[in-house]
Amino acid sequence: MINEHRKFSFKDLDLQKNDLLPMFGNQDNDILAQSDWEKILIDLESLNEIQGGYYIYDKIHYNTKEKIIEIGGLQFNIGPVLFPRFKNVDKIAVTICTASATLDNLSKNYINQGEYLIGYSIDALGAIIVEKVLEIIMNNLRNAMKSIGYSITGCYSPGYCEWPLSEQKKIFKLLPDRFCNVFLSDSCLMLPLKSVSGLIGIGVKVQEEMTQCRICTMANCYMRKEDYSY
């Protein structure tokens with residue numbers, strides 16, 4: 001089994017104030033004062049709990065009729081939307097990335113103090129951080145697999161594309177306890193809140209979709225990168 005686990009500082013990600021624009025509906029970046037942005041940077045510059053990683057499983061079995069994939073002895077009912085994305089897969093990487101609990105607490109503290117814009121900006125940065133870490137982890141995986149003749153799919157998560165959120169529990173069973181310092185609540189909520197988990201297919205014949213928006217049915221998602229009609 002191949003695995004990777006990396007830790008990042010906030011500075012490693014080189015995020016800018018403009019990165020928040022999608023969270024504000026792509027309005028002018030003056031919506032957040034420069035002094036507030038600098039305050040955020042001071043709070044986050046010591047953030048060192050940002051993490052991401054994956055474990056690769058190479059014993060994969062398929063039930064085409066039921067649209068089920070078996071990984072490490074666990075059956076994943078990923079459904080008809082996602083099943084075709086894994087049809088040419090030889091291996092699967094199970095991944096988790098997180099922006100850390102510290103960031104969650106900072107956001108709550110500012111909101112409780114009445115500094116709502118800073119609090120919500122930090123909360124929004126959490127989502128951006130997780131996406132950035134996932135991008136880095138996938139780039140590492142892509143390069144490692146390319147060197148041995150494989151390509152990768154996109155990363156697909158429980159709770160999207162008709163894949164039941166309850167299957168988060170199975171993903172966590174395929175990873176070491178508290179991998180990347182993330183754990184799962186009884187209601188399948190990941191803690192820290194700004195965390196993401198998912199499956200990435202690996203194979204000689206697979207094709208990577210650069211955006212999941214084409215298959216995702218959440219038409220009003222603020223993270224949508226392309227405009228599709230359903």
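Worth pointing out:
- Taken over the alpha carbons of the chain as equal point scatterers, the Debye sum produces base-10 log I(q)/I(0) values at 0.09, 0.10, 0.17 Å⁻¹ of -0.39, -0.49, -1.29.
- Ranked list, fewest to most other Cβ atoms within 10 Å of each Cβ, for V133, V204: V204, V133
- Scattering curve values for segment 71-122, log₁₀ I(q)/I(0), Debye with Cα scatterers, q = 0.15, 0.16, 0.20, 0.24 Å⁻¹: -0.63, -0.64, -0.72, -0.92
- The chain: most fluctuating residue of Q168, Q16, Q113 per GNM, C-alpha cutoff 10 Å: Q113
- Computed from the alpha carbon atoms alone, the convex hull of segment 1-127 holds 152 Å³ per residue.
- Mean residue ellipticity, 222 nm, helices only, the chain: the sum of -39500 (n - 2.57) across DSSP H runs of n ≥ 4, divided by residue count and rounded to 500, is -9000 deg cm²/dmol.
- Phi angles of segment 7-17 translate, via the Karplus equation with coefficients 6.51, -1.76, 1.60 and θ = phi - 60°, into HN-Hα couplings of 10, 10, 9, 4, 5, 4, 8, 6, 7, 10, 4 Hz per residue; Gly and Pro are given as x.
- Across segment 164-177, coupling constants 3J(HN,Hα) worked out from phi with the 6.51/-1.76/1.60 Karplus curve, θ = phi - 60°, read x, 4, 4, 6, 3, 4, 6, 4, 5, 6, 8, 10, x, 4 Hz, and Gly and Pro carry x.
- Segment 131-208 - Rg and Dmax from Cα coordinates, angstrom: 13.6, 40
- Protection proxy ranking of 62-73, 191-202 - average other beta-carbon atoms within 10 Å, highest first: 191-202, 62-73
Every number here is computed from the coordinates shown, using simple stated rules; none is lab data. Keep in mind that what you see is a predicted model, and the values were worked out from it rather than measured. Heads up, the Cβs are rebuilt from the backbone with ideal geometry, glycines too, and the neighbour counts pull from every protein chain shown.
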